[in-house]
1. For the chain, give the magnitude of the charge dipole about the Cα centre (Cβ charges: +1 Lys/Arg, -1 Asp/Glu; no others), in debye to the nearest 20.
2. Among Ser270, Gly94, Ala46, which residue has its Cα positioned farthest towards the positive end of the charge dipole of the chain, with +1 placed on the Cβ of Lys and Arg, -1 on the Cβ of Asp and Glu, and the dipole taken about the Cα centre?
3. When the chain is treated as a GNM, springs tying every alpha-carbon pair under 10 Å, which of Asp126, Asp252, Asp64 comes out with the largest mean-square fluctuation?
4. Size of the dipole of segment 84-160 about the Cα centre, Lys and Arg at +1 and Asp and Glu at -1 on the beta carbon, nothing else charged, in debye to 20?
5. Which residue, Gln78, Gln206, Gln15, has the most motion in a Gaussian network model of the chain that connects Cα atoms within less than 10 Å?
6. Share of antiparallel DSSP beta bridges in the chain, in percent to the nearest 5?
7. Post the alpha-carbon centroid distance, segment 1-26 to segment 147-200, in whole angstrom.
8. What are the ³J(HN,Hα) values, in whole Hz, obtained from phi via the Karplus relation 6.51 cos²θ - 1.76 cosθ + 1.60 with θ = phi - 60°, for each residue of segment 40-52 in sequence order, with x given for Gly and Pro?
Amino acid sequence: MRVAIQGELGSFSHQAALVLAPEGLVIPCMTAVDVLRALVSLQVEAAVVPVENSLAGSVVDFYDLFFENEIAVERELQMRIRHNLMASPGATLGSLRKVFSHPVALAQCKRFFLAHPHLEPTGFYDTAGSVKHIMEAKSPEMAAIASKQAAAQYGAEILCAGIEDRAESYTRFWLIRRQGCVPAEPAPTKLSLVFLLENRPGALLQALGTFAARHLNLTKIESRPMAGQPWEYMFYADVTIPGNREADAVLDDLRKICPVVKELGRYCASK
């Protein structure tokens, strides 16, 4: 099975793909758009995508594409994010001057940079891509921040492990397929969906009332602007469910009051 990810091999998405689809052939893509394009055009059978970080929030690049593409969530994974400082063999902490990584990763390691003021954080498009970059440069002054998977992928040496500011950084990943290609889950515990509301007073309250009426717990709700429709919004929601019967019922309730309701998937929540 071919599985698309955003970023280079060795990225956190690659690491998640090895867990969610251990027998898959991982296909790296440059952007979120490229990942979804590969999936819907049948270039790959599945994709592993990050949807939310416990510190940084939702990965909006993907959320904005879920409404536009016919995808379905098959599985979910919550993965602890550990950042590691790595360099080419022979480099030392004292020889380093520039540290490359994705801006989000750099921002999550502020205390490390405060403790080592001679290091200059430098933004790069991808964590694993930054490791590939420094390994090609072979400079003792260049380092990268990325996962252990990236160090193994490109032969970098980890100089400092676990340099993130906060240990409670987790990223939630989804294994997604094209709509209609996900086998039915007999005992799902989570439902993900997106819905649109009419522009009238009380519309959101009425929609939220459908979940409360059935005693279902919303674990996430977020509004996103509608592309090409200024000041119009779609709402993404995750809700815990006892099973398929309750999922069907609340979706039917929403469809009676919302002009558009789209199910993204029903699956077992990651623990």
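1. Roughly 380 debye for the chain.
2. My answer, from the dipole projection, is Gly94.
3. Looking only at Asp126, Asp252, Asp64, the largest GNM fluctuation is found for Asp252.
4. Value, rounded to 20: 140 debye.
5. Comparing Gln78, Gln206, Gln15 in the GNM, the peak value goes to Gln206.
6. Just about 75 percent of them are antiparallel.
7. When both Cα centres are located, 11 Å separates them.
8. For segment 40-52, the Karplus-derived couplings read 6, 8, 6, 6, 9, 8, 7, 8, 10, 10, x, 10, 6 Hz, x marking Gly and Pro.
No lab work stands behind these numbers, since they all come straight from the coordinates. This is a predicted model, so every value here is computed, not measured. Using ideal geometry, Cβ is built from the backbone for each residue, glycine included, and neighbour counts are taken over all protein chains shown.
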